[in-house]
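First the structure, in the form of structure tokens, and then the observations on it.
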Amino acid sequence: MRKPSPPRPEPGAEVAGHGEVWRQETSADLSVFARRGERSETGLGQARDRVVSTGLADRLAERRRALRTLRRRRVWMAGAVLILVLALAWTVLWSPLLGLRGSEITVSGSDSSVSTEQVRELLQDQEGTSLVRLDLRQAARTVTDGLVRVRSTQVTRSWPHGLTVSLTMRVPVAVRQVDQSYEVLDGDAVVLETTDTPPEGLVRITDPEDGGLSGTQVAAVAQAVGALDVATRAQVASGSASSSGQVTLVLTSGASVQWGDTEEMALKAQVLKVLLAQEASVYDVSSPHSPTTS
């Protein structure tokens, strides 16, 4: 008969017999292998983390360098633009590049009473000033205030160094005697000049009462004459005003015009022009809406 085989020892159990000890270490070996595998995987993960971390840090550092370079470039560009703008502003506003030259000031609309040199002399303080900065309104006021014969002035730039000055002149319409001289007046009663002899073709302002005309009376006559057109004015020989401001004009034909006060002068001038188409000894336009002749 076959001997029964001894029972298979459990893993890890010691078996005694014949002076030998047999230990099952399969589980232990597997555990060791497993732990080794776990350590290998852990080490690989840590290596990967180190690689990823190092790459990310490099990219962040590179990005910071790029941002610093971009900021410096922007600062340099902004500085260059600022310098360019300042240089351009200085060139346009303060350099002689666009400075006014007196020799390039031209004048139009003047009569023989005002010369180009007179206008240039009044504006000589502006020579060298850039046309961009030049105050045209102030230049126009300077000319108007400096020349009594000028009613108004318009100034425009004439690039790159000149100005065009357009004058509107005062028109002399009347003359009155003051002592031994004669004052020439325009339609605003502005005294344009004083002469020793009365100019021809102007309406004489007279004082029938020989009491001396006030400034208001003189102004009333001058304004009435100034409201007339050239053709009608040429038919007026003289004019006077009462103390109450009622104006009377005497025509070269000997007829008279009852002008009245200084109200509605433009309408009175139009009505008188129509009435003069018929002969009369008296033309009354003091009420221009209902004029009469006799």
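The values are calculated or read from the model by the stated rules, or taken from the named source; none is laboratory data. Because the structure is predicted, anything quoted here is derived from the model rather than measured. Positions of Cβ are generated from backbone atoms using ideal geometry, with glycine treated the same way; all protein chains shown enter the neighbour counts. Just so you know, the surface numbers come from the protein's heavy atoms only, side chains and all, with ligands and any DNA or RNA stripped out. Shrake-Rupley method; radii C 1.70, N 1.55, O 1.52, S 1.80 Å.
So here's what we get for this one:
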{"read-out": "Cβ-derived FRET efficiency at R0 35 Å, T164 paired with S243, nearest 0.05", "value": "0.15"}
{"read-out": "Pairwise label distance in nanometres, V171 with L275, each label 7 Å out on the Cα-Cβ vector", "value": "2.1 nm"}
{"read-out": "Radius 10 Å from Cβ of A241, net charge of other residues (Lys, Arg +1; Asp, Glu -1)", "value": "-2"}
{"read-out": "Amide H contacts under 5 Å for T129, placed H, 5+ residues apart", "value": "L100"}
{"read-out": "Computed accessible area, V173, all protein chains, 1.4 angstrom probe, square angstrom", "value": "0 Å²"}
{"read-out": "The stretch 172-293: C-alpha pair distances exceeding 20 Å, %", "value": "36 percent"}
{"read-out": "Inter-label distance, nm, simple model (7 Å from Cα along the C-beta direction), V75/R101", "value": "4.6 nm"}
{"read-out": "Solvent-accessible ranking of S113, S253, S130, largest area first, probe 1.4 Å", "value": "S253, S113, S130"}
{"read-out": "Radius ratio Rg over Rh of the stretch 235-294, counting only Cα atoms, Kirkwood formula for Rh", "value": "0.93"}
{"read-out": "Kirkwood hydrodynamic radius (C-alpha pairs) into Stokes-Einstein, the stretch 98-169, 4 °C and 1.567 mPa s, D in µm²/s", "value": "110 µm²/s"}
{"read-out": "Hydrodynamic radius of the stretch 121-206 per Kirkwood, over alpha carbon pairs, in Å", "value": "14.8 Å"}
{"read-out": "Zone residues, the stretch 131-158, relative to S113, backbone N less than 17 Å from point 7 Å out along Cα-to-Cβ", "value": "143-154"}
{"read-out": "Charge context of G212, other residues only, Cβ under 12 angstrom, K/R +1, D/E -1", "value": "-3"}
{"read-out": "Local electrostatic count at P291 - Lys and Arg +1, Asp and Glu -1, tallied over other residues with Cβ under 10 Å", "value": "0"}
{"read-out": "Under 5 Å, built H, 5+ apart or other chain: amide partners of R151", "value": "T168, M169, R170"}
{"read-out": "Solvent exposure ordering (accessible area, 1.4 Å, most first) of I205, I83", "value": "I83, I205"}
{"read-out": "Loop-located GluC sites (Glu not before Pro) in the stretch 197-294 whose Cβ has at most 15 other Cβ within 10 Å (DSSP)", "value": "E200, E209, E263, E279"}
{"read-out": "Residue-by-residue Karplus 3J(HN,Hα) for the stretch 213-230, coefficients 6.51, -1.76, 1.60, Hz, glycine and proline x", "value": "7, 7, x, 5, 5, 4, 5, 5, 5, 4, 5, 5, 5, x, 6, 7, 6, 4"}
{"read-out": "Amide proton proximity set for S110, modelled H, under 5 Å, gap of 5+", "value": "L167"}
